[in-house]
Amino acid sequence: MDFVRRCTGLLAGAVLGAGTLFATAAPAQAYSPNPTFRAYYYDTDACPCSGGNLTDPFDNTYFANDAGGYAVKMELSDSGAFVGKVEFHPYDEKLWVYDTANDGDTYYVRVSYTFGGTTHALGTFSPPGTSAVLDHEVEDFDLPEGAYVDISVYDDAGLTDLIGAARGSGAAIA
């Protein structure tokens, strides 16, 4: 019986210790105020497109020709420095999400599309958040041609602190 009590006590102590360890880990800090948000739209009928406001210090955005498509590049900056960017490329329907500042923070990108009067959620995405200066993730969607793609960028996982968006009449088009 003492052996069972000792094992139970050790197990309880380990669980409490682990709970304390995880409870003290601080979540990433949210930007306050939110980063500055800028969105640039391109009618990809007239592409390939590069240069101008598509130029940035990371990989210089390039949009391919896609008849009927509408691309968007969204930039996030804090105190004049890039902290992230989001791009929707109608050609191949790809979403690129970048973290361009190794600052311990991230943001969340909620994506949906509307086609034929019905809206479909595609998910919420974030850059991987490694120790690299530049992190990115690419989501490859299979969307109907002409679908309106709504993209909302949030500062919190609960999707309550909107930084900016390309949606509704300002949506991208697949």
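The values are calculated or read from the model by the stated rules, or taken from the named source; none is laboratory data. Bear in mind that the values here come from a model prediction, so they are computed numbers and not experimental data. Methodologically, a virtual Cβ is constructed for each residue, glycine included, from the backbone with ideal geometry; neighbour enumeration extends over all protein chains shown. SASA here: full protein model, heavy atoms, side chains in, ligands and nucleic acids out. Shrake-Rupley method; radii C 1.70, N 1.55, O 1.52, S 1.80 Å.
Some points to look at:
- Placing I151, I163 in order of accessible area, with the largest value first and a 1.4 Å probe, yields I163, I151.
- Derived scalar couplings ³J(HN,Hα) [region 106-116; Karplus, 6.51 cos²θ - 1.76 cosθ + 1.60; whole Hz; x for Gly, Pro]: 9, 9, 10, 10, 9, 10, 9, 9, 10, 8, x
- Protein accessible area in region 72-171, 1.4 Å probe - carbon and sulfur %: 49 percent
- FRET efficiency, T130 to D78 (Cβ-Cβ, R0 25 Å, nearest 0.05): 0.80
- Per-bin percent of Cα-Cα distances, region 41-146 [5 Å]: 2, 11, 22, 22, 19, 14, 7, 3, 0
- Within-12-Å neighbourhood charge of T130 [Cβ basis; K, R +1; D, E -1]: -3
- Taking 7 Å steps out from each Cα toward its Cβ at D43 and F58 produces label points 2.8 nm apart.
- In this structure region 32-157 gives 46 Å² per residue of accessible area when probed at 1.4 Å with all protein chains present.
- Across region 145-162, rounded Karplus estimates of 3J(HN,Hα) from the backbone phi angles (6.51 cos²θ - 1.76 cosθ + 1.60, θ = phi - 60°) give 4, x, 5, 7, 10, 9, 10, 10, 10, 10, 8, 9, 5, x, 6, 10, 10, 6 Hz, Gly and Pro being marked x.
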